[in-house]
Amino acid sequence: MHTPTKIQPYSMVNWVSFVAMIVFHAGAVVALFQFSWAMVAWAALFYWIAGGLGICLGYHRLHTHRSFIVPKPLEYFFAICGTLALEGGPISWVATHRLHHQHSDTDYDPHTPRHGGFWAHMGWIVFGDSTHNDTRAMARYAPDLAADGFYRFLNTWHALPLVALGLACYALGGWQAVTWIIFLRVVVGLHATWLVNSATHMWGYKNFDIKDDSKNSWWVALLTFGEGWHNNHHAHPTSARHGMAWWEFDSTWLVIRGMELLGIAKRVRTASLDGYARSEAA
């Protein structure tokens, strides 16, 4: 893997991300003045589709770490779900996360907390290098995805599924649906994902004594469908199961395990507190 550029925090402004964050946060505030339980339910459903299936299961455990395999059409579906989170395309997301693991908590980690909690949380998005949105630049760190034409297209045009969803929301539910299902849902999802970058590298406990600062956080795990068991994940990155103690609830793992029992997910890799086990069932 190529050596990335050393992080220069707050050396520039990524104006596209900056404006997008203002618009989406403003829209989220507007949603609070248009409350309805129906909108809460719809927003929660798409929060799980985008964040649970798209980011946690798809972008992270499937596309980045290849913790399991599924049929290619389903793999593509999870990637499309991931674009609904407004966290970039699959190639860019995977490349950034692989860089994070390779250089965790150093000046080569894109969202290292060594430059402060705000930088790790969202500063790297707004004031960081904009090349993480460049398909060609990030392809070198995710050559497996870059070799697939579907992923190249989706990475370049990753905003299209979210725009299409926004138009559908407006057509069926007006601006109330847009503010809840698009703006508020996306903002909550972004901050939940960013907490994995920031909070779980600053606070929590460790099951494994490893070199980086990753820690386990129960409350981040609840917000992110099990991603908060971050020390476990950094100790065993390719494990499809992040919650390893009996009480470390990991809803994403339950979905993967369910797909395995149904014969949909195969070659599911798992880790435990007392050892490493790998299933290679064809």
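Just so you know, all these numbers are worked out from the coordinates, no wet-lab data involved. What you see is a predicted model; the values in this text were computed from it and never measured. Here the Cβ positions follow ideal geometry from the backbone for every residue, glycine too, while neighbour counts run over all protein chains shown.
Remarks
- Calculated mean residue ellipticity, 222 nm, the chain: -13500 deg cm²/dmol, from DSSP H runs (n ≥ 4) at -39500 (n - 2.57) each, averaged per residue and rounded to 500.
- Here the range 15-278 is treated with +1 on each Lys and Arg Cβ and -1 on each Asp and Glu Cβ, and its dipole about the Cα centre works out to around 520 debye.
- For the chain: rounded, prolate or oblate by the Cα gyration tensor [a/c cutoff 1.5]: rounded
- Neighbour counting of Cβ atoms within 10 Å sorts the residues 56, 81, fewest neighbours leading, into 81, 56.
- Net charge contributed by nearby residues that have their C-beta within less than 11 Å of residue 244 (K/R +1, D/E -1): -2
- For the range 93-120, the residues whose amide N sits under 17 Å from a probe point set 7 Å from the Cα of residue 11 along the beta carbon direction are 106-116, 119-120.
- Residue-wise HN-Hα couplings along the range 230-247, as the Karplus relation 6.51 cos²θ - 1.76 cosθ + 1.60 with θ = phi - 60° gives them from phi, are 7, 5, 4, 5, 5, 6, 9, x, 8, 6, 6, 9, 9, x, 9, 6, 4, 9 Hz; Gly and Pro carry x.
- Most positive-pole-ward Cα, 219, 149, 50, against dipole of the chain from beta carbon charges: 149
- Within straight-line cross-link reach of residue 72, lysines at Cα separation under 21 Å, skipping those fewer than 8 residues along the same chain: 266
- Taking 7 Å steps out from each Cα toward its Cβ at residue 218 and residue 72 produces label points 4.5 nm apart.
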